[in-house]
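Taken together, the values in this text are just the output of simple stated rules run on the coordinates, not laboratory data. Everything numeric here is computed off the predicted structure, so don't read it as measured data.
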């Protein structure tokens with residue numbers, strides 16, 4: 001169990017670090033666009049993508065939590081499954097944001 005938890009925490013940490021780098025690249029490319037006065041479309045896209053990622057992440061986390069709670073309610077959840085289940089909920093919540101920040105970093109750095 002410890003090895004499995006270590007693997008999950010390592011994966012989560014690596015994803016957060018990569019996402020932080022992608023966010024840095026995205027911000028570095030967006031600042032000149034927004035400062036130029038011609039960034040209305042980019043600003044609109046930026047806000048709408050964040051709202052969309054938050055909604056999608058909330059929905060995905062709710063589904064993952066529902067599955068976890070359903071297993072608990074039916075007696076199909078062992079105590080050692082709880083950390084992995086909570087990890088799955090967190091991963092589901094963050095995946096849409098990670099996906100969008102990576103796509104934005106690629107899109108903006110290729111312009």
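Side notes on the structure shown:
- The chain: translational diffusion in µm²/s, Stokes-Einstein, Kirkwood Rh over Cα pairs, 4 °C, 1.567 mPa s: 81 µm²/s
- Principal-axis analysis of the Cα atoms of the chain puts helix 2-35 at an angle of about 20° to the longest axis.
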